[in-house]
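**Q** Structure provided below as structure tokens; questions to follow.
The values are calculated or read from the model by the stated rules, or taken from the named source; none is laboratory data. Predicted model only: the values in this text are computed from it and were never measured. Neighbour counts are summed over all protein chains in view; Cβ atoms, including those assigned to glycine, are modelled from backbone coordinates with ideal geometry. All accessible areas refer to the heavy atoms of the entire protein, side chains included, with ligands and DNA or RNA removed. Shrake-Rupley method; radii C 1.70, N 1.55, O 1.52, S 1.80 Å.
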Amino acid sequence: MKRSELLSRIFITVAVLGAVGAPLFVWARTPLIHAKVAEDGGWNPDVIQANAGEPLFLKLTSDDVVHGFAVGQMDMQSVDVLPGKVSNVTLTFDKPGIYTFFCTRWCGLNHWRMRGTIEVSGSPSDHEPALSEAAEPLYVTLGLDIDAPHDALVIPRSQPSAISGQQLAANLPIDLSTDYYRAYSPYQVFDELPNTSLTESQSWDVVAYIWQSNTTNESLSDGQQLYAQNCAACHGENGAGNGVFADDLAASGESSMQTMAGADQMTMQTPVDFTDPTRMLGASPALLQGKILRGGMGTGMPMWGSIFTEEQIWDLIAYLYSFQFDYHRGEAQ
Amino acid sequence: MQSRFFLLLFVMAGLVVAFAPFPVRPIAPQERTFRIEAGQFAYSSSEIKVNPGDTVNIQLVSTDVVHGLYVDGYDISIEADPGQTKTLSFVADKPGSFRFRCNVTCGAMHPFMIGKLSVGKKVWFYRSIGLSIIAIIGFLKFPRRPVLITAH
Amino acid sequence: MELTRLPFLKSALKSRYSQLAVFIVMLVGYIFVILAGLIGTPVGSHNFSIVFVWIAWWAILILVAVPFFGRGWCAVCPIPLPGEWLQRGAVLNPPDKKPRWLNLRWPKFLRNIWLQNISFLLLALFSSVLLTTPNITGIVLAAMLFAAIGLSMIFERRAFCRYLCPVGGFIGLYSQTAPIELRIKDKQVCVVCDGKPCYNGASTVGLDVQRLNPPLSANSNTGYGCPWDVFPGGLTKNTYCGLCMECIRTCPHDNIAINLRPFSADLAKPSTRLDEAFKAFIMLGSAMIYAGVLLGPWGAFKDAAYNVGTSAWFIYATIFLAIIFAILPGFFWLMISLTSRPFAKHPFGAPIGRGVGVRKFASLTTALIPLGLMFWVAFSLSFVLTNATYILASLSDPLGLGWNLFGTANAVWQPMLTSILAPAQTLALVGGLIWSARTAQKAANEVKVSSVPVVIYCFITTLVMLGLLL
């Protein structure tokens with residue numbers, strides 16, 4: 001064999017092996033966390049190990065559509081996980097425990113099933129409980145049955161105005177405390193108002209005022225943002241239960257559950273209409289907290305307990321009541 | 001000699017059809033609002049028509065995953081998450097037919113998620129039909145004249 | 001104008017090393033693209049294989065390579081190389097005197113491009129999946145490489161390229177329009193040439209350059225017979241010449257030239273073969289269908305085209321095939337048969353079907369070759385200009401691992417030149433119509449019929465295409 005022929009053959013062999021080997025080598029050495037819609041498997045891997053106090057470096061990529069990444073109950077900016085791109089995230093966990101990470105951008109009917117866990121090990125540096133879940137939520141303390149019907153027996157004829165309620169309430173012995181507000185539904189408060197000369201609609205205005213005085217504009221706007229990102233796709237941007245997935249949910253029945261394990265006796269329901277006064281005015285903040293924390297148990301309503309902080313849930317609840325009460329009408333401008 | 005004259009005539013006619021300003025009937029500009037639902041991989045209302053000068057508001061509603069809407073020619077875009085309607089407002093000051101397309105990767109057929117925006121008449125469609133007709137008449141009228149395209 | 005007169009070009013074409021260097025780069029690139037398809041991100045628009053094959057390569061192929069260089073892509077295509085090296089048992093050396101593999105002749109009944117028509121249609125029917133799924137693109141590319149190797153083991157020469165390659169079929173068809181050709185210089189030299197080494201291979205016919213008088217080419221000894229199974233001495237059109245340049249090296253008389261010529265020179269002598277005629281319909285029809293399905297505003301068509309195996313897809317596939325094999329050719333046949341007799345004598349009422357044989361039908365479809373090419377140019381302009389920015393992003397991060405090799409990994413998707421797209425498409429389509437009308441006149445002249453129905457047919461299809469694209 002001529003030398004040129006031999007050298008060519010060697011060169012071709014090396015080039016071909018290199019073209020195969022080099023990409024495989026770098027590919028195998030770059031572990032990525034892949035995001036796919038829940039129907040196609042969600043996060044892979046969906047369990048991540050970490051050590052308390054040590055930074056955790058993650059490389060996230062999406063294999064289909066736009067997703068997002070955030071860790072529940074953690075003060076962090078959510079990170080977009082874009083198709084074909086790699087997002088780098090560095091997390092440091094102070095306390096050991098099991099954390100939930102979840103998808104933050106709606107990616108279909110089963111978006112909220114796209115969750116995974118980060119198992120943070122290590123000895124607790126202090127003796128505080130790892131996650132705020134450890135504290136008993138209010139609805140448990142109050143012993144509420146959050147699945148019981150809770151309709152308001154009387155509803156206002158027009159939307160109650162908090163501003164006119166404030167004027168009316170000036171001389172009334174009413175309880176504005178947070179404990180009182182959270183434990184009772186607007187209808188219960190309406191029903192228990194001291195017997196005065198107020199008309200029915202004036203009484204509702206007073207109730208609206210009590211609700212308003214237990215929130216702030218900041219809370220409401222935080223709640224609004226949480227609502228838009230997490231709730232509006234089903235419950236509707238105007239709270240009317242007619243979000244873009246509402247019809248799909250009702251139509252899907254059990255079918256959308258079939259890919260998920262252990263989902264036997266579930267039936268999807270149409271999302272609740274927050275503009276419906278009978279339902280909303282009969283629900284206390286504590287009851288709503290319970291529903292949000294625990295979820296709808298197979299109705300399609302996700303459980304948010306491992307995602308939202310307690311403060312976020314109260315903000316969200318305050319915002320939900322704004323579909324019933326008018327906090328601005330009559331404002332001097 | 002005569003064929004040259006006609007050739008020149010045809011070229012002139014072609015230039016007129018290709019570049020002459022399009023006759024427009026002035027129509028009072030309006031404000032128009034369209035609600036466009038975006039789902040994998042189509043827009044519902046995939047064809048919208050407006051008049052030149054209209055103010056166009058496109059409310060983009062995503063019904064499954066995050067989608068976007070990019071208007072060719074105007075080179076403007078928005079993106080919307082499901083549950084968060086976004087509005088794109090612009091003045092339709094460029095006449096013609098334009099594609100609008102998804103600019104947020106939304107799955108396999110994403111590159112082909114396309115709709116059409118017509119601002120007034122489809123200018124280039126009519127121009128090209130005019131040019132084609134002139135060319136065809138030229139060929140049918142002078143079937144064997146020497147042409148510029150091929151020397152031999 | 002003879003390009004091979006340029007000393008630089010000629011020595012580059014004659015040297016085996018320059019071609020081998022190009023081939024190795026192409027082969028490495030091809031293998032990398034297969035791997036990127038298999039292990040890269042499954043997101044089509046960000047995967048190197050999809051972006052480089054269906055945007056970058058396709059743009060170069062249809063907008064530059066085919067219209068200007070004919071089979072120029074085949075000249076550098078890496079797919080046949082591993083098979084050919086194994087077949088020859090050498091990379092640079094001359095092949096063995098005795099073939100080391102089966103070396104069968106290709107079966108006679110398949111000596112046409114029907115297999116290429118079928119292989120193209122197979123890919124075309126699955127194109128929505130192929131174009132968007134990196135895995136599938138990777139698998140198809142790998143399958144073509146292995147099919148080429150396999151066929152090289154069984155049959156002689158480049159059987160894959162000549163008879164099976166789905167791309168090669170239409171490149172061959174459209175290469176007739178290109179302003180470049182490989183031809184012999186002097187017919188008489190070939191007539192008296194001993195052993196025809198350009199076709200049979202120098203070593204096989206026992207050619208010894210030193211004994212020739214005068215000894216003309218030192219490379220001839222290593223030459224092997226035309227891989228495309230074409231005798232260069234008989235070349236009259238580009239369709240089946242793969243521009244592999246082997247005959248330039250082999251010819252002991254230096255009688256092979258690469259010429260610059262007018263566009264569409266080959267179309268002056270229309271082909272009378274039905275397989276080539278239907279290739280023209282396949283390409284014309286697919287360009288129109290893609291313009292409607294992929295670039296149109298109708299989501300239901302896209303769903304049907306993508307969801308392979310569903311009943312909607314079967315309907316789509318049926319319509320696809322019906323347009324290509326029935327509607328387009330049927331309409332064409334109807335129009336030419338209505339006017340098949342000389343116009344002046346029987347303006348109307350000529351019995352349908354009389355006088356239109358395969359020869360006339362096939363010859364007249366020559367007019368559809370420039371038309372189809374320009375349809376593809378107009379379609380591709382829209383697709384390519386819209387998505388060209390994906391090239392930047394995937395170039396910097398070819399495996400989707402978060403790299404940023406050239407700082408362009410985060411380049412934002414942005415359609416290019418959207419304001420000149422419509423005029424450019426108009427130019428392509430109207431230009432294509434004029435080009436095909438001119439071709440129709442020549443073809444009609446050859447078979448002595450009126451060109452009017454063909455020109456009108458081209459006009460109507462152009463209107464449909466304009467309506468779909470603009």
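**Q** Take chain B, connect every pair of alpha-carbon atoms lying under 10 Å apart with a spring to form a Gaussian network, then pick out the residue of B:VAL71, B:VAL123, B:VAL16 with the largest mean-square fluctuation.
**A** Comparing B:VAL71, B:VAL123, B:VAL16 in the GNM, the peak value goes to B:VAL16.
**Q** May I ask for the longest run of chain C untouched by trypsin sites (Lys or Arg not before Pro) that are loop-located per DSSP and have at most 11 neighbouring C-beta atoms (other than their own) within 10 Å?
**A** Values: sites that count: C:LYS97, C:ARG105, C:LYS345, C:ARG354, C:LYS448.
It runs C:106-344.
**Q** Okay, next question. Pull the list of chain C cysteines that no other Cys approaches to under 4.7 Å, Cβ to Cβ.
**A** Among the cysteines of chain C, those whose Cβ sits 4.7 Å or more from every other are C:CYS74, C:CYS77, C:CYS161, C:CYS165, C:CYS190, C:CYS193, C:CYS226, C:CYS241, C:CYS244, C:CYS251, C:CYS458.
**Q** Then there's this: Mind telling me which of A:TYR180, A:TYR321, A:TYR139 comes out most flexible in a GNM of chain A, alpha-carbon contacts under 10 Å?
**A** Maximum among the listed residues: A:TYR180.
**Q** In square angstrom and rounded to 100, what buried accessible area do you get between chains C and B, total over both, with the probe at 1.4 Å? Show your work: numbers first, answer last.
**A** Details: alone 20730 and 9870 Å², together 26820 Å².
Approximately 3800 Å², summed over both chains.
**Q** Determine the distance separating the Cα centre of the range A:273-333 from the Cα centre of the range B:1-78; give it in Å without decimals.
**A** Rounded to whole Å, the Cα centres lie 45 Å apart.
**Q** Could you check which residue among A:THR215, A:THR92, A:THR278 shows the biggest mean-square fluctuation in a GNM of chain A with a 10 Å Cα cutoff?
**A** Ranking A:THR215, A:THR92, A:THR278 by mean-square fluctuation puts A:THR92 first.
**Q** May I pose another question? Give the interface area between chains C and A as buried accessible surface, both sides summed, probe 1.4 Å, in Å² to the nearest 100.
**A** Values: alone 20730 and 18220 Å², together 36750 Å².
The C and A chains share an interface burying roughly 2200 Å².
**Q** Right, here's the next one. What does the convex hull of the Cα atoms come to per residue for the protein assembly as shown, in Å³? Write out the running numbers ahead of the final one.
**A** Values: hull volume 216.2 nm³, N = 955.
Normalising the Cα hull of the protein assembly as shown by residue number yields 226 Å³.
**Q** Arranged from highest to lowest average of other beta-carbon atoms within 10 Å per residue, in what order do the peptides A:71-79, A:307-315 appear? Mind showing how you got there, number by number?
**A** Working: A:71-79: 14.6, A:307-315: 19.0.
The densest-packed peptide leads the list: A:307-315, A:71-79.
**Q** Express the carbon and sulfur contribution to the solvent-accessible surface of chain C as a percent, rounded to the nearest whole number, probe 1.4 angstrom.
**A** Details: 12670 of 17760 Å².
Summing carbon and sulfur atoms, their accessible area is 71 percent of the total for chain C.
**Q** About the Cα centre, and with charges only on the beta carbon of Lys, Arg (+1) and Asp, Glu (-1), how big is the dipole of the range A:138-321? Nearest 20 debye, please.
**A** On the way: 5 positive and 21 negative charges, 21 e Å.
The calculated dipole for the range A:138-321 is roughly 100 debye.
**Q** How would you rank A:103-114, A:191-202, highest first, on the average number of other Cβ atoms within 10 Å across their residues? Please report the intermediate quantities before stating the final value.
**A** Values: A:103-114: 24.2, A:191-202: 12.2.
My ranking of the peptides, most packed first, is A:103-114, A:191-202.
**Q** Once fully extended, how much extra length lies between B:SER45 and B:GLU31, figured as 0.36 nm per residue of separation less the alpha-carbon to alpha-carbon distance?
**A** Details: separation 14, 0.36 × 14 = 5.04 nm, distance 1.75 nm.
Roughly 3.3 nm would be gained on extension.
**Q** What figure in square angstrom, to the nearest 10, would you give for the accessible area of C:GLU84 with a 1.4 Å probe?
**A** 10
**Q** Once you average over the residues of C:3-16, how many Cβ atoms of partner chains fall within 10 Å of each Cβ? Display every interim value, and only then the final one.
**A** Values: counts 0, 0, 0, 0, 0, 0, 0, 0, 0, 0, 0, 0, 0, 2.
Averaged over the peptide's residues, the number is 0.
**Q** By per-residue mean of other Cβ atoms within 10 Å, what is the highest-first order of C:312-322, C:27-37?
**A** Working: C:312-322: 16.0, C:27-37: 21.8.
The peptides rank, most packed first, as C:27-37, C:312-322.
**Q** If you place +1 on the Cβ of every Lys and Arg and -1 on the Cβ of every Asp and Glu, how big does the dipole about the Cα centre of chain C come out, in debye to the nearest 20? Please report the intermediate quantities before stating the final value.
**A** Values: 35 positive and 17 negative charges, 292 e Å.
I would put it at about 1400 debye.
**Q** At 222 nm, what value in deg cm²/dmol follows for the protein assembly as shown if DSSP H runs of at least 4 each add -39500 (n - 2.57) and the sum is divided by all its residues, to the nearest 500? Don't skip to the end; give the middle numbers.
**A** Working: 35 runs with 400 residues, N = 955.
The helix contribution divided over the protein assembly as shown gives -13000 deg cm²/dmol.
**Q** Count, for each residue of C:288-296, the Cβ atoms from other chains sitting within 10 Å of its Cβ, then give me the mean as a whole number.
**A** Numbers: counts 0, 0, 1, 0, 0, 1, 4, 6, 7.
What the average comes to for C:288-296 is 2.
**Q** Do you know the relative contact order of chain A, to the nearest whole percent, from alpha carbon pairs under 8 angstrom that are 6+ apart? The partial results should precede the final answer.
**A** On the way: 571 pairs, mean separation 58.7, N = 333.
With pairs under 8 Å counted, the relative contact order is 18 percent.
**Q** Based on Cβ point charges of +1 for Lys and Arg and -1 for Asp and Glu, what charge dipole magnitude is obtained for the range A:33-123 about its Cα centre, in debye rounded to the nearest 20? Don't skip to the answer; put the middle values down first.
**A** On the way: 7 positive and 10 negative charges, 17 e Å.
For this selection, approximately 80 debye.
**Q** Could you please state how large a percent of the accessible area of chain B is carbon and sulfur, counting protein chains only and using a 1.4 Å probe? It would help to have the intermediate numbers written out before the result.
**A** Values: 4540 of 7410 Å².
Within chain B, the accessible surface is 61 percent carbon and sulfur.
**Q** Right, here's the next one. Chain pair B, A: how much accessible area is buried, both chains summed, with a 1.4 Å probe, in Å² to 100? Don't skip to the answer; put the middle values down first.
**A** Numbers: alone 9870 and 18220 Å², together 26920 Å².
About 1200 Å² of accessible surface is lost on pairing.
**Q** Enter the mean number of other protein chain beta carbons within 10 Å of the beta carbon of each residue in A:64-74, as an integer. Walk me through the intermediate numbers first.
**A** Working: counts 10, 11, 10, 2, 2, 0, 0, 0, 0, 0, 0.
For this peptide, the per-residue mean of nearby foreign Cβ atoms is 3.
**Q** Sticking with this one: Please name whichever of C:LEU164, C:VAL447, A:PRO149 sits farthest to the positive end of the charge dipole of the protein assembly as shown, dipole taken about the Cα centre and charges placed at Cβ: Lys and Arg +1, Asp and Glu -1.
**A** C:VAL447
**Q** Among B:PHE41, B:VAL71, B:VAL16, which residue has its Cα furthest toward the positive end of the charge dipole of the range B:1-117, with +1 on Lys/Arg Cβ and -1 on Asp/Glu Cβ?
**A** Ranked along the dipole, the leading option is B:VAL16.
**Q** Accessible surface of A:HIS328 in the full protein assembly, 1.4 angstrom probe, to the nearest 10 Å²?
**A** A:HIS328 has an accessible surface of roughly 110 Å² with all protein chains in place.
**Q** Also, I was wondering about something else. Accessible area of A:GLU218, 1.4 Å probe, to the nearest 10 Å²?
**A** 130
**Q** If you find the alpha carbon centre of the range C:186-203 and of the range C:103-166, how far apart are they in angstrom?
**A** Comparing the Cα centres of the range C:186-203 and the range C:103-166, I get a distance of 31 Å.
**Q** Report the Cα centroid-to-centroid distance between the range C:21-55 and the range A:49-124 in angstrom, as an integer.
**A** 31
**Q** OK, next. Leaving out ligands and nucleic acids, and using a 1.4 Å probe, what accessible area per residue does the protein assembly as shown come to in Å²? If you can, show how the numbers build up before the last one.
**A** Details: 41720 Å² over 955 residues.
Heavy-atom accessible area per residue stands at 44 Å².
**Q** In the range A:138-321, carbon and sulfur make up what percent of the accessible area (probe 1.4 Å)?
**A** In the range A:138-321, the share of accessible area belonging to carbon and sulfur is 46 percent.
**Q** As I understand it, the dipole of the range C:15-166 uses +1 on the Cβ of Lys and Arg and -1 on the Cβ of Asp and Glu, about the Cα centre. Which of C:PHE69, C:MET153, C:ILE24 lies farthest toward its positive end?
**A** The listed residue farthest towards the positive side: C:MET153.
**Q** Another question, then. Going from most exposed to least, what order do A:SER4, A:SER123, C:SER128, A:SER158 have by accessible area with a 1.4 Å probe? Don't jump to the answer; show the numbers that get you there.
**A** Values: A:SER4 30, A:SER123 100, C:SER128 0, A:SER158 75 Å².
Output order, biggest surface exposure first: A:SER123, A:SER158, A:SER4, C:SER128.
**Q** Which order do B:VAL119, A:VAL140, C:VAL192 take by accessible area at a 1.4 Å probe, largest first? Don't skip to the answer; put the middle values down first.
**A** Working: B:VAL119 0, A:VAL140 65, C:VAL192 105 Å².
Largest to smallest exposure gives the sequence C:VAL192, A:VAL140, B:VAL119.
**Q** Another one. In the range C:24-48, whose amide N lies under 19 Å from the spot 7 Å out along Cα-to-Cβ of A:ASN44? List them in ranges.
**A** Label zone hits: C:35-48.
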